[in-house]
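Let me begin by presenting the structure, written as structure tokens, before commenting on it.
Please treat every number below as a calculation from the coordinates, not as lab data. This structure is a prediction, so every number in the text was calculated from the model and none was measured. Cβ placement follows ideal geometry from the backbone for every residue including glycine, while neighbour counts extend to all protein chains displayed.
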Amino acid sequence: MTVQANDPAISVASEKTALLLPVLEWIARRAEPIVIGLAAILIGLALFSLFILANGKSPAMLFQLMYTGGLGSWFSVQNSLSRAAPLLLTALCVALPARLGLVIIGGEGAVVLGGVAAAAMAMPLVGTAPVFLTLIFMGIAAMAVGGIWIGFAGFLRHYRGVNETISSLLLSYIAIALMNQFVEGPLRDPASLNKPSTKPLPSEYMLGNIPGMDVHWGLVVGIAACILSWILIEMTSFGFAARIAGGNVRAAQIQGLAVGRLIAGFTAIAGSFAGLAGMVEVAAVQGSANASLAAGYGYTGILVAFLARHNPLAIIPVAILLGGIDASGGLIQRRTGLPDATVLVLQGTLFIVILFCETFYGRFKIFNPDLWKRSL
């Protein structure tokens, strides 16, 4: 019995295959980072459990405390969201240059200098300018300083061949030293005796909370920055050119793309977001620029960006997750006697495992779209 080429059953099957194939290809391409990312988290938690057991504590109890401290109540959720706000912005400082193949890890420097710039901008404006206008100028000053600081690392990378990872890290230490110099010197409030700081912002000039929540508006700013960054990367010619340059710099140059401008532009935009995180810390949390600006948000942002695979939209849930882990540090210290820095051990373990798991991308045939084509 022969099957005719125009058999209706074959035609229907072909149509279904044609409709189903793009969906399966889409799933295959996007399932890999999710599966490997979740596997990295589970492996990291398993290794961290061994560390907890070595300290004579119960991993199950510790993870329960992490859940309670990060998500166990409405108060905990709001605390986690507040801590996630700066992580959203500092993670973008890593994720955007990564699209060009750059590894920027000096976002901490842009955070502290952005906070100092915001505080310095506020000093002559408080009492003379409207609150909204003052906050806008504080944000502009912070973004400008942060953009220049990280953009300088990009400039050194392209025009002088200096490794951006090393230069950005060294620049962060210089930035912290400059912050201490300004805060303890020309910008110091004489009333700040035990903890040098700039003049505190009046309460009416502080960045308030979202209505109905005990979470400051920095969270909304961070989420908006992530959405805008995704649009920049995925839906603009500038972002498309950056992806080409990140894939092959030589090919981008042959096509006539201004790689130097792309590197300088993306690193400057990335630094401006980290600087804005410093402004948010001053205007919403600290109330002034002081040594507390160097809280490690720039370094935690590295982990957030890598765990999110440098996807601005994926940064949002990952930042909330890491914010919840960070928020549970105090509860862990009180209940278990372990230092609150225990969560930093967890973050470091996760980061190492994530870097290790990077080697597995592209090695699993099940995530190859060609396999789905052949199977159909």
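Observations on the structure shown:
- Our summary gives the range 212-268 a relative contact order of 18 percent, counting only alpha carbon pairs under 8 angstrom and 6 or more residues apart.
- Spin-label model distance (nm) - Met213 vs Phe75, 7 Å beyond Cα toward Cβ: 1.9 nm
- Net +/- balance of residues flanking Glu234 in space, Cβ distance below 11 Å, scoring K and R +1, D and E -1: +2
- Per-peptide packing, taken as the mean over residues of other Cβ atoms within 10 Å, places 56-65, 189-198, 82-91 in the sequence 82-91, 56-65, 189-198 from highest down.
- Radius 12 Å from Cβ of Ala294, net charge of other residues (Lys, Arg +1; Asp, Glu -1): -2
- Ordering of 263-274, 344-355 by packing is 263-274, 344-355, highest average first (other Cβ atoms within 10 Å, averaged per residue).
- Value at 222 nm in deg cm²/dmol, rounded to 500, when DSSP H runs of n ≥ 4 in the chain each add -39,500 (n - 2.57): -24500 deg cm²/dmol
- Rounded D (µm²/s) - the range 294-345, Kirkwood Rh over Cα pairs, Stokes-Einstein at 25 °C, 0.890 mPa s: 210 µm²/s
- Normalising the average separation of contacting C-alpha pairs (under 8 angstrom, six or more residues apart) by the number of residues puts the relative contact order of the range 202-325 at 26 percent.
- The charge dipole of the range 133-223, taken about the Cα centre with unit charges on the Cβ atoms of Lys, Arg (+1) and Asp, Glu (-1), comes to about 280 debye, rounded to the nearest 20.
- Residue by residue, the range 178-191 carries 3J(HN,Hα) couplings of 5, 4, 4, 5, 5, 5, 8, x, x, 9, 6, 7, x, 7 Hz when phi is fed to the Karplus relation 6.51 cos²θ - 1.76 cosθ + 1.60 (θ = phi - 60°); x denotes Gly or Pro.
- Kirkwood Rh in Å, taken over all unlike Cα pairs in the range 90-191: 14.5 Å
- Short-range pairs are left out: with C-alpha atoms under 8 Å and at least six residues apart, the relative contact order of the range 84-337 is 41 percent.
- Dipole-positive endmost among Leu346, Val280, Gly115 within the chain (Cβ charges, Cα centre): Leu346
- Simple point charges give the picture: +1 on the Cβ of Lys and Arg, -1 on the Cβ of Asp and Glu, and for the chain a dipole about the Cα centre of about 580 debye.
- Cα-based convex hull, the chain, per residue volume (Å³, whole number): 205 Å³
- Taking amide H as placed 1.01 Å from N in the peptide plane, His216 has its amide H under 5 Å from the amide H of Ile210, each at least 5 places away in sequence or on another chain.
- Placing +1 on the Cβ of every Lys and Arg and -1 on the Cβ of every Asp and Glu, with nothing else charged, gives the range 153-278 a dipole about its Cα centre of roughly 480 debye.
- Estimated at 0.36 nm per residue, the fully extended path between Asn55 and Val162 surpasses their Cα-Cα distance by 34.3 nm.
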